[in-house]
Amino acid sequence: MNLHWLVLFTFIISINAQTGSFPDCKSGPLSTFPICDQSLPSRQRAADLVSRMTTSEKITQLVTTAAAIPRLGLPKFEWWSEALHGVAYSPGVSFGGDLPAASSFPTPINIGATFNMSLVHRIASVVSTEARAFNNEGRAGLVFFTPNINIFRDPRWGRGQETPGEDPFLTSQYVYALINGLQRGDDERYLKIAADCKHYAAYDLENWNGTDRFHFDARVSDLDLIETYMPPFETCIRDAKVASIMCSYNAVNGVPSCGNKFILETIARESYHLDGFVVSDCGAVATIMDSHHYTSTVEDTVAVALHAGTDLNCGDFYLKHTQEALDKKTIVEADIDQAVQRTFNVLVRLGYFDPPEQQPYRKLSHFDVDTVETRQLSLEAAHQSIVLLKNSNKALPLDINQLQNKRIALIGPTANATELMQGNYFGKAPFLLDPVTAFRGLATGHSINVSFAYGCKIADGDQSGFSEAIELAKSSDVVIFFGGIDQSIESEGHDRTSIALPDIQLQLIQQLEKVARSPLHIVIMSGSGLDLSYVRDSSQCASLIWMGYAGQSGGLAIANVMFGDYNPGGRLPITIYPASYVDAVSMFDMQMRPSPSNPGRTYKFYTGQAVFEFGHGLSYTTFQYTWYNDTTESRMSVKSLMKNNFDEKKVQVHLYRVNVTNTGSVVGDDAVLAYVVPPQKSLNGQTPPLKKLFGFERIHLNVGETKQVFFPFNMESLLTVAHDGAKWLEPGSYKIIIGKQHMHTIHLYGKPARWS
């Protein structure tokens with residue numbers, strides 16, 4: 001979905017949208033039918049309602065802007081609403097009246113950097129509360145096309161900002177917490193809202209080197225599909241029980257996703273047990289024929305999509321061509337029935353047909369939107385997402401008391417950023433607090449002069465602002481450069497060709513280094529990695545912070561961090577590669593492991609030298625890890641572990657316990673990351689991961705305080721994936737790394753055994 005088109009389409013559609021209308025099960029046309037009988041199973045209720053529709057009426061319900069059926073008392077229904085990190089512009093959402101805005105949290109890439117799944121759940125709970133409030137007041141739907149859980153495999157991808165990062169385990173943990181917060185609340189009888197995991201599957205290219213997402217055929221091995229691309233969707237569907245998934249524009253191994261029976265039926269429904277519906281990305285049914293040329297007629301296209309399991313068409317292809325497919329007998333009416341029953345079953349589960357007075361979610365209103373508590377949560381989330389990458393000689397935090405009667409210069413194209421801090425898929429925020437305003441606010445009362453100069457724009461080569469910035473730097477005691485990129489460089493429909501910091505920004509930094517009274521502080525806004533090796537290595541750059549796109553409170557969050565009112569504890573959820581990485585591997589190459597034409601992808605397989613590694617992040621304090629378990633080594637046999645061959649996520653091999661102590665002088669958070677390093681020679685012929693994350697926990701520690709962190713080590717962390725996608729248990733030594741410390745080794749002996 002193109003965001004600029006989306007905003008325009010939203011304005012047009014929302015004028016007449018009836019997102020807040022509900023069927024009348026008390027006295028309306030449906031009141032005596034089973035659809036209104038709450039004692040019946042939801043599927044039975046939905047099936048009965050669908051059986052009462054004419055064929056033409058059913059066809060109108062196959063698209064996201066579903067027409068009203070007056071004779072049945074069914075209002076028009078808009079299925080397409082958005083809420084990636086807050087209720088967002090979309091055809092089902094409108095802002096105005098008592099609901100002029102919704103909470104705008106940091107983007108998912110920021111939330112990934114927190115490594116805090118309880119925070120994820122709290123944010124999702126607020127988003128779903130506000131979404132329901134919007135729905136109750138006629139300004140949003142009940143189904144929200146979120147989250148994006150594709151793996152951020154390539155730093156050039158324009159939509160990596162929508163995801164929590166590059167790691168399948170982190171993304172799986174994120175989606176589990178998120179879906180529970182979105183779909184579940186105080187009333188377990190009903191879905192709070194219906195979420196939608198997207199984009200299924202292997203979607204992570206917008207438009208690169210002449211091929212766009214509508215034409216791209218992702219050639220993915222069974223190994224990479226099972227090990228990397230599918231785990232978040234497995235968690236979303238099987239464990240979190242999401243109400244819907246979205247099939248993507250791209251093809252997977254020659255078959256368009258929305259016509260791919262293997263991934264939609266065999267994997268999603270039969271293996272992962274999807275209990276919900278499949279919606280196409282917007283226009284993706286049409287691309288089966290028009291872009292991928294997988295079919296040659298409209299009637300065959302409808303048949304391929306419906307038979308694969310695409311129940312709902314975002315677009316109008318089904319509306320225009322389903323009757324023709326019926327007439328030409330490429331489908332039968334039962335195919336339509338199945339699709340409409342699946343979508344209406346979710347509406348029943350949402351309480352769409354039940355009396356409002358018995359549903360707590362129907363009582364939510366504008367009083368539950370943008371509250372004092374949600375504003376505090378948005379600031380907390382922004383705080384936790386900020387990553388301190390460099391801090392030479394403890395240059396940060398700035399001592400506000402020692403800066404009295406002095407001057408701070410904020411220079412750079414993102415220093416006064418507002419909407420930029422929302423990333424993409426955002427809504428109208430209640431406020432957007434930019435860094436300049438926040439710094440000035442905190443400086444009030446301390447006789448500190450905070451001045452601002454653009455210096456340059458984000459990416460063009462115009463140096464006309466250099467002289468003003470240089471003069472300001474000369475006269476200032478502290479110089480903070482705010483740089484990065486924006487949606488003109490990374491966005492939906494737009495991949496990058498370079499991952500370097502824009503030349504104009506680097507040139508300005510180098511000029512500022514020559515005149516500044518003390519080393520610079522650098523702050524970067526971006527939703528993806530930039531080669532910051534110059535800043536990392538320069539002795540004239542004292543500190544470096546990545547703040548992502550931090551949402552409505554981003555400016556205050558970064559000011560609090562730099563002045564020491566908050567101790568940063570975020571960690572990178574991505575690998576930051578050198579700029580040369582883009583010349584070493586094609587975006588079309590979906591392989592994760594290194595090859596002669598691929599240096600490997602993500603921290604698990606990258607064989608080069610990262611600028612900053614996945615999981616990197618500094619603090620103003622120090623932490624010490626001590627091993628609590630009785631032994632640093634253990635031996636076990638493959639045969640003994642194979643006795644528990646049922647669910648690798650539930651078979652616990654070990655429970656690791658680590659004591660973490662704050663040994664510094666500042667209160668702070670520590671995100672404790674646990675990795676396993678498998679034997680570096682796999683018996684199934686595949687290159688093993690260099691290491692892989694199996695646990696993490698963010699903790700808050702006062703000075704001198706110790707807390708114990710528990711890491712269950714389950715069977716899935718021991719398994720290797722073979723070329724055919726089969727999972728194996730292999731003998732060898734498996735090292736357990738907590739942070740960067742080798743804590744334990746598991747010696748597994750015996751013969752290799754196939755797990756599944």
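The values are calculated or read from the model by the stated rules, or taken from the named source; none is laboratory data. Everything numeric in this text was worked out from a predicted model, so none of it was measured. Please note: Cβ atoms are built from the backbone with ideal geometry, for glycine as well, and neighbour counts cover all protein chains shown. Note: accessible area is taken over every heavy atom of the protein model, side chains too, but ligands, DNA and RNA are not part of it. Shrake-Rupley method; radii C 1.70, N 1.55, O 1.52, S 1.80 Å.
Where a ≥ b ≥ c are the square roots of the eigenvalues of the C-alpha gyration tensor, would you call the stretch 201-305 rounded, which needs a/c under 1.5, or, failing that, prolate if a/b is larger than b/c, or oblate? Oblate. According to the Cα-based calculation, Rg over Rh for the stretch 34-368 is 0.95, with Rh computed by the Kirkwood formula. For the stretch 23-152, the alpha carbon convex hull comes to 152 Å³ per residue, rounded to a whole number. In a DSSP loop and with at most 14 other Cβ atoms within 10 Å, the trypsin sites (Lys or Arg not before Pro) in the stretch 676-717 are 681. For the stretch 325-441, the Kirkwood estimate of the hydrodynamic radius, built from every pair of different alpha carbons, is 20.7 Å. Shape summary of the stretch 386-584, radius of gyration then Dmax from alpha carbon positions: 15.9, 53 Å.
Given the pairs 26/192; 198/329; 428/474, which span a C-alpha to C-alpha distance of over 29 angstrom in this model? Long pairs (Cα-Cα over 29 Å): 198/329; 428/474.
Could you report the stretch 469-576's accessible area per residue, 1.4 Å probe, as an integer in Å²? Let's see the in-between values first.
On the way: 2730 Å² over 108 residues.
Each residue of the stretch 469-576 exposes 25 Å² on average to a 1.4 Å probe.
Would you tally the net charge around residue 733, using a Cβ to Cβ cut-off of less than 12 Å, leaving residue 733 out, and scoring K and R as +1, D and E as -1? Let's see the in-between values first.
Values: positive: 635, 681, 735; negative: 633, 730.
Charge balance near residue 733 sits at +1.
Given axes a ≥ b ≥ c from the Cα gyration tensor, I'd like to know whether the stretch 623-754 is rounded (a/c under 1.5), prolate (a/b larger than b/c) or oblate. The shape class here is prolate. Based only on the alpha carbon positions, what is the Kirkwood hydrodynamic radius of the chain, in angstrom? When all Cα pairs of the chain are included, the Kirkwood radius is 27.1 Å. A run of the chain free of exposed loop cleavage sites, with chymotrypsin sites (Phe, Trp or Tyr not before Pro) counted only in DSSP states other than H, G, I, E and B and at most 16 other beta carbons within 10 Å, reaches its longest extent at 1-430.
Cross-link check: pairs 643/681; 727/751; 692/751; 691/735; 394/457; 58/320 evaluated at a Cα-Cα cut-off of 19 Å; pairs beyond the cut-off: 643/681; 692/751; 394/457.
Loop-located trypsin sites (Lys or Arg not before Pro) across the stretch 717-749 with a Cβ neighbour count of 10 or fewer within 10 Å are 740, with loop assigned by DSSP. Take the stretch 163-278 with all the other protein chains still there, run a 1.4 Å probe, and you get 27 Å² of accessible area per residue. Toward the positive end of the charge dipole of the stretch 120-275, with +1 on the Cβ of Lys and Arg and -1 on the Cβ of Asp and Glu, the farthest Cα among 220, 142, 242 is that of 142. Projecting the Cα positions of 315, 302, 632 onto the charge dipole of the chain (unit charges on Cβ atoms of Lys, Arg, Asp and Glu, taken about the Cα centre) puts 632 furthest along the positive direction. For the stretch 709-750, the equivalent ellipsoid built from the Cα gyration tensor has semi-axes of 22, 13, 9 Å, listed from largest to smallest.
Rounded to the nearest 20, the Cβ-based charge dipole of the chain about its Cα centre (Lys and Arg +1, Asp and Glu -1) stands at 1640 debye.
Seen through its C-alpha gyration tensor, with square-root eigenvalues sorted a ≥ b ≥ c, the stretch 404-483 comes out oblate because a/c lies at 1.5 or above while a/b is not bigger than b/c. Got a number for carbon plus sulfur as a percent of the chain's accessible area, 1.4 Å probe? With neighbouring chains kept in place, the figure for the chain is 50 percent.
Largest accessible area first, the residues 25, 541 order themselves as 25, 541 under a 1.4 Å probe with ligands, DNA and RNA left out.
Loop-located GluC sites (Glu not before Pro) across the stretch 653-750 with a Cβ neighbour count of 15 or fewer within 10 Å are 705, with loop assigned by DSSP.
How big is the gap, in Å, between the Cα center of the stretch 238-277 and the Cα center of the stretch 593-622? The distance from the Cα centre of the stretch 238-277 to that of the stretch 593-622 comes to 31 Å.
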